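The values are calculated or read from the model by the stated rules, or taken from the named source; none is laboratory data. Please read these numbers as outputs of a predicted model, since none were measured by experiment. FYI the Cβ positions are ideal-geometry reconstructions off the backbone, even for glycines, and counts take in every protein chain you see. For accessibility, only protein heavy atoms count, side chains too; no ligands or nucleic acids. Shrake-Rupley method; radii C 1.70, N 1.55, O 1.52, S 1.80 Å.
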Amino acid sequence: MRVSDAMTRDIKVAAPDQSLIDAAKMMAECDCGALPVGENDRLIGMITDRDIVVRALAQGKSSDTPIRDVMSEEVKYCYEEDDLDDVAHNMGDLQVRRLPVVNKDKRLVGIVSLGDIANTEETRAAAEALCSISEPSSEHESTGQRPH
């Protein structure tokens, strides 16, 4: 099964100069926890509900802070032609719950999430990815301290 068979195509794209409150409202409208950030028809970042809380609110930034100030600029993505099982495993390795999907011209065409994968026959791959995502990474332990 290909990513294009499972991905969500109807997505909202935030602009980097929009405010965090705009991003939060867009997330509420589409009932999602992440938005791709685009500029000049190019994917330049991702903003998540976690980014808003950890990188903005916890740091004392205001709701009118531009998205570009807290978004993740290093965006992992997959292609719509990629094998869904391979992408699910990669998501586990990367410890992410969703990936932007691009076409062969690297234009954004959708997002694939673990929820999308879970709604397909590939549910085993989603379960394996979730197990990998749920494991503490090498940078974080359950105590919140880094290993010495």
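Values for this structure:
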{"read-out": "Candidate lysines - alpha carbon under 18 Å from Lys104, same-chain residues fewer than 8 apart omitted", "value": "Lys76"}
{"read-out": "Accessible surface, 1.4 Å probe, highest first, among residues Val102, Val109", "value": "Val109, Val102"}
{"read-out": "Residue-level accessible surface for Ser63, protein heavy atoms, 1.4 Å, Å²", "value": "60 Å²"}
{"read-out": "Exposed trypsin sites (Lys or Arg not before Pro) absent - longest run of the chain, DSSP non-H/G/I/E/B, at most 14 other C-beta within 10 Å", "value": "13-75"}
{"read-out": "Shape call, the stretch 33-108: gyration tensor on alpha carbons, a/c limit 1.5", "value": "oblate"}
{"read-out": "Over the chain: helical MRE at 222 nm, DSSP H runs n ≥ 4 each giving -39500 (n - 2.57), nearest 500", "value": "-7500 deg cm²/dmol"}
{"read-out": "Karplus-derived 3J(HN,Hα), 6.51/-1.76/1.60, for each residue of the stretch 4-15, Hz, glycine and proline x", "value": "4, 6, 10, 5, 8, 8, 7, 10, 9, 10, 8, 9"}
{"read-out": "Cα gyration tensor, the stretch 1-50 - rounded (a/c under 1.5), prolate or oblate", "value": "oblate"}
